[in-house]
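Read-outs throughout are calculated quantities, based only on the coordinates presented, and are distinct from any laboratory measurement. Please read these numbers as outputs of a predicted model, since none were measured by experiment. Every residue, glycine as well, gets a Cβ built from its backbone with ideal geometry; the counts of neighbours run over all protein chains shown.
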Amino acid sequence: MDTGVIRLLEFTKSFHLGGTEGQLLQLLRGLPAGYDIRVAVIDPQGPLSTDLGQLGYRPAVFPLNGSLAHPNTAFQVARLARWLRANRIELVHVHDFYATMLAVPAARLAWAKVVVSRLDLAHWHSQAQRTALRALTRLADHVVVNAQAIRDMLIEQEGIAASAISVIRNGIDLRLFDSQAEKGLSGPISDENQPAAVLVANMNHPVKRQEDFLRALQMIASAGSPLRGWLVGDGPRRPQLEKLAAALGLSGRAHFLGHRTDIAAIYARASMGVLCSSAEGLSNAIIEGMAARLPMVVTEAGGNSELISHGKRGLLVPPERPSDLASAMLWMLRNRIAARQMGETARAYVEQKLNAERLANSHDLLYRSMARSRHRDLAL
C-alpha cells in the first residue's frame, strides 16, 4: 500500500560532536524521496548544527530547564504535542534519553507513531533515569537498537517484546570518510612519525577507561617499544587523566589531542586503533578505525565483539585488564603483516555491512512499515 509522503520528525538532544548526532546526520543525508522531514532539538547549540543547516534543516527547539522534574518539562511535552498536530507529523523518531522523555508522551497525545532509539546499555543513567526510560520505551511503537547486545538487554531486563525491536547497525559514508582522510590534518600531532595507537572517546564518563590505555602504554614503554598514544576527545575527566599520564611517566608518549574534526586523517597516521571501554553499544570509533584499515584492539564489552571478530578484524581483550591490552597492542606491533591484513579485512566488512546506504535503507523500510501501521489504525 502506497502511503504517499511520510511526515517525519527526527528529534535529538543537540548537535554537539557525538556518535548519535553523527549517525542522525548520515540518516538525514541518505533517506530516499518520499519524506517530509522536520528536525527538533532540545539544545540548538553544537558544531554539527552547521552540517544540519547545510542540509537545509532549521530545527524546532523544545528546551529543558535543568531537571526533568521542573514544570517546564510538562509544558514542553504539551507544546510539542501541539506542534506535532499542527505540522501533521505521522511518525516521530527520537534518538537519545532526553528527547525520549519529551517525545514519547507528546507523540501519544498527538496520535503519531513513535520510534525510540536505544543506542547504549544505559550504563551512564541513574536508577531513576533507567526506570523512566524503560517505561517510555515500552510505551513506544517500536525500538531501534544498533547492537544485538542492546536488544538482548531490552528483552531480558526491560521486558520489551522481541517483535518490537529492530537491530539497525551504524553506517558510515565511506566516500566522505576517505575524502576527509585525504584532506589531511587540521592541526599538528606530536610524534607523528612514531608508531602510535589512537583512542577516540569522550572524557565524560569513567566507562571509557582511558586509565587502562595509559597503564598499557606504560607497560609497553617498559618493554622498550617506542609506541605513542594519541587520546582524541575531551570532557571533565581530562585533567585527572593528564595527571595520571604524568604520574605514569608518559610525558612525551601520551598526547591529549582534545576534540578533533579530522578523525579520518588522524586514523590514517596511526599504527592501530584502541577502544578499552567497560561498557559500550556499537562504537562509531571502532567503525571509523575499521574504515581506515587500522587493526583494532578493543575490549569484549557490549557490541564491540559484533564488530571485531577476534584474530580476523582485530583483537579482543577483557575489560579493565591493562596488561592484556598492552600484550595485544605489542602483538600488533610485532606482527605487522598480520595486523595489516586484519585492517584490510575490517575495511571490507565495513564496505559490506556498515555502509551509509544500508543504514538509510533499513530505516526507510521501518518508517514505511510504521506509516502503514498508523494508516491501518486510523482506518479502524
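Amide H contacts for residue 38 (H built 1.01 Å from N in the peptide plane; partners 5 or more residues away or on another chain; cut-off under 5 Å): 8, 9, 10. Close amide H partners of residue 196, meaning residues 5 or more places away or on another chain with modelled amide H under 5 Å apart, are 228, 271, 272.
When 62, 15, 256 are arranged by Cβ crowding within 10 Å, least crowded first, meaning fewest neighbours, the order is 256, 62, 15.
Rounded, prolate or oblate, given the Cα gyration tensor of the chain, with a/c below 1.5 counting as rounded? If you can, show how the numbers build up before the last one.
Working: a/c = 1.99, a/b = 1.82, b/c = 1.10.
It is prolate, given that a/c is not under 1.5 and a/b is the larger ratio.
Electrostatic bookkeeping for residue 204 treats Lys and Arg as +1 and Asp and Glu as -1; over the other residues with beta carbon under 12 Å from its beta carbon, the sum is +2.
What's the extension gain from residue 162 to residue 79 if we count 0.36 nm per residue and subtract their Cα-Cα distance? Let's see the in-between values first.
Numbers: separation 83, 0.36 × 83 = 29.88 nm, distance 3.24 nm.
Full extension of this stretch gives 26.6 nm more.
Note on residue 259 and residue 379: their simple-model spin labels are 4.8 nm apart, each label 7 Å out from Cα toward Cβ.
For n ≥ 4 DSSP H runs only, could you compute -39500 (n - 2.57) per run for the chain, divide by its residues and tell me the 222 nm figure to the nearest 500?
On the way: 15 runs with 178 residues, N = 380.
Computed ellipticity for the chain at 222 nm equals -14500 deg cm²/dmol.
Ignoring lysines fewer than eight residues from residue 13 along the same chain, none have Cα atoms less than 16 angstrom from its Cα. Classify the stretch 174-353: rounded, prolate or oblate, from the alpha-carbon gyration tensor (a ≥ b ≥ c, eigenvalue square roots; a/c under 1.5 rounded; otherwise prolate if a/b is larger than b/c)? Cα axes put the stretch 174-353 in the rounded bin.
Find how much the distance from residue 247 to residue 135 grows on full extension, using 0.36 nm per residue of separation minus their present alpha carbon separation; answer in nm with one decimal. Don't skip to the end; give the middle numbers.
On the way: separation 112, 0.36 × 112 = 40.32 nm, distance 4.48 nm.
Value of the extension gain: 35.8 nm.
Which pairs, out of 312/353; 243/312; 208/312, put more than 27 Å between their alpha-carbon atoms? Spell out each step's value before the answer.
Values: 312/353 15 Å; 243/312 36 Å; 208/312 24 Å.
Among 312/353; 243/312; 208/312, the Cα-Cα distance tops 27 Å for 243/312.
By the count of other C-beta atoms within 10 Å, a proxy for reagent exposure, 353, 208 are ordered fewest to most as 353, 208.
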